[in-house]
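Readers should treat all values here as calculations from the given coordinates under stated rules, not as data from a laboratory. All values derive from a computational prediction rather than experimental measurement. Note that we place each Cβ from the backbone using ideal geometry, even for glycine, and neighbour counts take in every protein chain shown.
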Amino acid sequence: MDGVHDMGGMHGFGAVDPVPNRPLSKNDWHARMFAIELSYTQPGGFNVDWTRHAMECMAPAAYLSSEYFDRWYWRDVGILFNAGWVSIEELKTGQALSIPENVGDPLRPEAVPAILEQGVDTSRPATGTAAFKPGDRVRARFHAPLGATRLPRYARGHVGTVETCHGWHVLPDTNAHGEERAEPLYSVGFLAHQLWEEVTSPIDKIFVDLWEGYLEPA
Amino acid sequence: MIKSCSANKFDVFATFQDLCIDASVCCGGDEPLKIWHRAIQGIDLRGKRQVSVPRDSKRMMALQEELHSHLPSEAALRVKALESLLVEKGIVDSATVDRWIDAFGDEVGPKNGARVVARAWTDPAFKQRLMDNASEAITELGCPRLEANHLIVVENLPQLHNVVVCTLCSCYPWGVLGAPPTWYKSFEYRSRVVRDPRGVLREFGLDFGEDVEVRVWDSTAQIRYLVLPERPAGTEGFDEEQLAALVSRDAMVGTAKVAPPTGGG
C-alpha cells in the first residue's frame, strides 16, 4: 500500500531524538496497550501481516499525529471491530453489550513464557526452485497494491544484488488478506548512491528483504 | 492437546499455532519441540479462536475512519476502556497483560543481546555458530526466540559499520534486545536512516570516514538483525560478564560503538 507508513527516504523529518526509554509500568497505558495486543492476538487466527496492514489503513493524518502505542490501539480496535467482536458504543464506554461467540479462552499468563521462548516461524518448506541466487542482479518491480506488501517504495525500480536467500517464507501480500502462501525471500543489497542521487559514498549499501515476486532479473 | 510429535509437524502444531501471532510455527527439528513441551506443560490451551472475516483494505480504511470519528481523543482513556471491554468479553485476561509487561520489564531486554555479544567476543566457536545460525546460537544462551526466530548477526569491522532499521513499521529482535527504544520507532529515524545513514549516525555521535562502508539493514520481512559491535581496546583479560556490561543496546542496533572501559576497568 502506498501509505504514509512507507517512510524510507521521506523528506521533512528532523533530527532523531535519542530520548531514553521510560521503563515499562503496569499503570502506564503505553505498556498496557503493548501487552493487550500480545494477549489477544496470540491465541487467535489473526496474523502479524494483517495486524501490520490494519495500521497502514489508518488515514495518513491520523497515523502521523498518533503516538506509537496509540497506533497500536487503532489497529487493534480496527481488527476487533472488523471481526465483529467489539462495537463503537462498547469501545466508548468499556462496557460489553454482547459477548462474542467462538473467541475461546483468553491467553493465560502461564503461556507467556512458552510464546516468548518459541517465537513464530514464518519459514516454510520449499515447493519449487528459487529463481535467484547470491550474486544475481535483480530489479525491484513497481509492485504497489492497495493491500499489504513489504516492498518499500524507495526500492521500486532499482537494481540490486542478491546477498542471501533466506529460504521460503510466508508472503505478507497474501497472508494479510487470509491466504497463506510462501515464496523465496532474499536479502537484496542496493548501492546507496544508486537509490539516492545526493549520496556521495560509492560503497555504502542498503539491504532490503524482498520476496521473489517483488523481483525480476536485471 | 498435543496429539503426536511424529506426524506432520504442521498438524502437530495445529493447536499451538493458536498461541502464536500467526498460524506459523517453528518446525525446525526436535529441540524447539522440547522447549515447547517444557514451557507449555500443564497449561490448558482449550479454545481456539476462529477468525474468518474479510481482511479487505478498503473496508479497514473505512472502519478506521469510522472509529476515529466516534471515539474520544484521549489515548489513556481509550486503552483503559478497551482492556475492560476485552476482559469482560473473555478475550483478554488482565493477568496476562501484567505478565507480558513483567516479561519485557525484567526478563527480555538488551542484557540478552549483550551476553550474546560478549560470548562471541570470547568464544570463537560460539561466534562461528552465531554467524552461521544466530537463532540456534542464542538459544544456547537461553535467549527467547520471539521476534528472533530468523536472526542474522552482522559484524562490525574497522572498515564496515552496520545499522538496522524497519522503515515500514518497527520490526526489532525482541528476543535479544527487548522492546525497541522510542527513537527506533520514530518517523525521523525510519525516514532518514536509509537515505542519510551517515548524517543520522552523526546525530548519535558516530562519524565515519569515506573509507568505512556503511550498511543499512531494513527489516522488511521476519528476518531480524543484530549488530555484533567491535570489541573495544583495553578489555584484554575481561571475562564475559565484564564485557557484557560494556555492551549497550544502541551498539547492537548500530547507532553506537562499544566504548572502552573507563577508570580502573
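Within 10 Å of the Cβ of each residue in B:140-150, the mean number of Cβ atoms contributed by other protein chains is 4. When the Cα gyration tensor is reduced to axis lengths a ≥ b ≥ c, the ratio a/c is 1.5 or higher for chain A, and with a/b above b/c it is classed as prolate. Region B:229-243 and region A:1-74 have Cα centres spaced 36 Å apart. The mean sequence distance of close C-alpha pairs (under 8 Å, at least 6 residues apart), as a share of the length of chain A, puts its relative contact order at 19 percent. Extending 7 Å from Cα along the Cβ direction at B:Gln159 and again at B:Ala95 yields two label points whose distance is 5.9 nm.
Report the residues of region B:151-178 in range of a label on B:Asp211: point 7 Å along Cα→C-beta, backbone N strictly under 13 Å from it. Label zone hits: B:158-160. Summing +1 for each Lys or Arg and -1 for each Asp or Glu among the other residues whose beta-carbon sits under 13 angstrom from that of A:Arg137 gives -1.
A Förster radius of 30 Å, combined with the Cβ-Cβ distance separating B:Ala125 from B:Ala259, puts the computed FRET efficiency at roughly 0.65. For region A:103-108, take each phi angle, set θ = phi - 60°, evaluate the Karplus expression 6.51 cos²θ - 1.76 cosθ + 1.60, and give the result in whole Hz per residue in order, putting x for glycine and proline. Values per residue, Gly and Pro as x: 8, x, 8, x, 4, 8 Hz.
If we count every other residue with Cβ under 10 angstrom of B:Asp98's Cβ, Lys/Arg +1 and Asp/Glu -1, where does the sum land? With Lys, Arg at +1 and Asp, Glu at -1, the net is +1. Averaged over peptide A:23-34, the number of partner chain Cβ atoms lying within 10 Å of each residue's Cβ comes to 6.
For region B:136-260, the residue among B:Asn156, B:Val176, B:Val193 whose Cα projects farthest onto the positive side of the dipole built from Cβ charges is B:Val193.
Placing +1 on the Cβ of every Lys and Arg and -1 on the Cβ of every Asp and Glu, with nothing else charged, gives region A:123-217 a dipole about its Cα centre of roughly 100 debye. Cα gyration tensor of region A:28-118, axes a ≥ b ≥ c as square roots of the eigenvalues: rounded (a/c below 1.5), prolate (a/b > b/c) or oblate? It is oblate, given that a/c is not under 1.5 and a/b is not larger than b/c. Modelled spin-label separation between B:Asp132 and A:Glu101, with each label point placed 7 Å from Cα along the Cα-to-Cβ direction: 5.4 nm.
Estimated from helices alone, the mean residue ellipticity of the protein assembly as shown at 222 nm is -10000 deg cm²/dmol (sum of -39500 (n - 2.57) over DSSP H runs with n ≥ 4, per residue). Answer with one residue from B:Asn112, B:Ala76, B:Ala95: the one whose Cα lies farthest towards the positive end of the charge dipole of region B:62-121, charges on Cβ with Lys, Arg +1 and Asp, Glu -1. Farthest along the dipole direction, towards plus: B:Asn112. In the calculated pair-distance distribution of region B:46-185, the portion above 19 angstrom amounts to 69 percent of the Cα-Cα pairs. Note on the protein assembly as shown: antiparallel DSSP beta bridges, both residues inside, total approximately 60 percent of the bridges counted. Mean per-residue shielding of peptide B:193-200 is 6, counting Cβ atoms of other chains within 10 Å of each Cβ.
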